[in-house]
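Notes follow once the structure below has been shown.
The values are calculated or read from the model by the stated rules, or taken from the named source; none is laboratory data. Computed from a predicted model, the values in this text were never measured in an experiment. So basically every Cβ, Gly included, is an ideal-geometry build from the backbone, and we count neighbours across all protein chains shown. All accessible areas refer to the heavy atoms of the entire protein, side chains included, with ligands and DNA or RNA removed. Shrake-Rupley method; radii C 1.70, N 1.55, O 1.52, S 1.80 Å.
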Amino acid sequence: MITKEQCRAARSFLGLKQAELATDCGLSKTAITHFESGLFNPRAENMASIRGALEKRGIEFVGSYGVQKRPVNFEVLDTRETETALPKLWDDVFETLKDNGGEVLISHLDEKSAFDHHPEKLDAHLKRLKAHNITERLLVCEGDDFFVQDVKCYRWLPEDVYKSGMTSFLYGNKVAIQFWNGHFILIVNHPEIYEEEKQRFEYLWARADIPY
């Protein structure tokens, strides 16, 4: 449960309007207004929806009264450790999603390079994803027909769009970025950053070409 004061404070942190919160949690704006004004408390399931919507945007509730923005957690994997960096990322993808399943969105990928470096580990990773109801969508360069999964999982980006200098992996509330000209993979765990990058991926996916 959260209090009406916590709800108002959380919206203030986020710059979120009552109507936007209502849309996020599937309630009416009137329900949010009545809750925050103290006219009535929503049912337990609606309270959980309000809290969940705010937490998804990066809010943490502390005790009975406190509200704070969730700190940005990040990890760096050194890609010069060629035998471990990508497999570590794959392990994090699996551990993040294994309990509830989900989807991994991968943009600007060179899958052949990953396969050439770690053929057995990539194969094992894809098998465990399938076993735990985890799917992938992948944006690759136009003309790239090295597909290790069903072709429907792939879309082609124009070559000039593909040359962005980094590959991104979106999963759970995490964004992992592999920089082509650097020596590291950056994993950021933050729902707002994830949602922004997911919107960018969906924009590219909707405009990318279907192979063949």
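Applying a threshold of 8 Å to beta carbon distances and a minimum spacing of six or more residues, or different chains, the list of pairs starting in region 145-173 at a residue that is in contact (Cβ under 8 Å) with a residue 24 or more places away in the chain and ending at one that is among the aliphatic types (A, V, I, L, M) and open to solvent by 50 Å² or more (accessible area, probe 1.4 Å) reads ARG155/ILE210; TRP156/ILE210. Of the residues making up region 189-210, those that are part of a helix (DSSP H, G or I) and at pLDDT below 95 number 6.
Among the residues making up region 129-147, those that are surrounded by 15 or more Cβ atoms within 10 Å (Cβ to Cβ) and over 19 Å from the mean Cα position of the chain (by Cα) are CYS141, GLU142, ASP144, PHE147.
Residues in region 34-51: is at least one without any contact (Cβ under 8 Å) to a residue 12 or more places away in the chain, over 26 Å from CYS153 (Cα atoms), out of contact with any Leu (no Cβ under 7 Å at 6 or more places or on another chain) and acidic (Asp, Glu)? Looking through region 34-51, at least one residue is without any contact (Cβ under 8 Å) to a residue 12 or more places away in the chain, over 26 Å from CYS153 (Cα atoms), out of contact with any Leu (no Cβ under 7 Å at 6 or more places or on another chain) and acidic (Asp, Glu).
Looking at GLU45, GLU95, just one residue is over 30 Å from TRP180 (Cβ atoms), modelled with pLDDT of 90 or more, acidic (Asp, Glu) and open to solvent by 60 Å² or more (accessible area, probe 1.4 Å), and that residue is GLU45. Just one of the numbered conditions (1) more than 22 Å from ILE193 (Cβ to Cβ); (2) assigned to a helix (DSSP H, G or I); (3) touching a residue at least 12 places away in the same chain (Cβ under 8 Å); (4) open to solvent by 30 Å² or more (accessible area, probe 1.4 Å) is not true of MET1: (2). Here is the figure for region 47-69: residues that are outside any strand (DSSP E or B) and under 22 Å from GLU192 (Cα atoms) total 12.
Being more than 22 Å from LYS198 (Cα to Cα) and either in a helix (DSSP H, G or I) or in contact with a helix residue (DSSP H, G or I) (Cβ under 9 Å, 6 or more places away or on another chain) (or both) is a condition met by at least one residue of region 148-160. Sub-6 Å Cβ pairs linking a first residue in region 108-136 that is assigned to a strand (DSSP E or B) to a second residue that is of a type in the set (Gly, Ala, Ser) and surrounded by fewer than 16 Cβ atoms within 10 Å (Cβ to Cβ), at least 6 apart or interchain, are HIS108/SER164; ILE134/GLY101, ordered by first then second residue. Within region 49-76, if we keep just the residues that are of a type in the set (Gly, Ala, Ser) and closer than 18 Å to GLN18 by Cβ, the residue that is surrounded by the fewest Cβ atoms within 10 Å (Cβ to Cβ) turns out to be GLY52.
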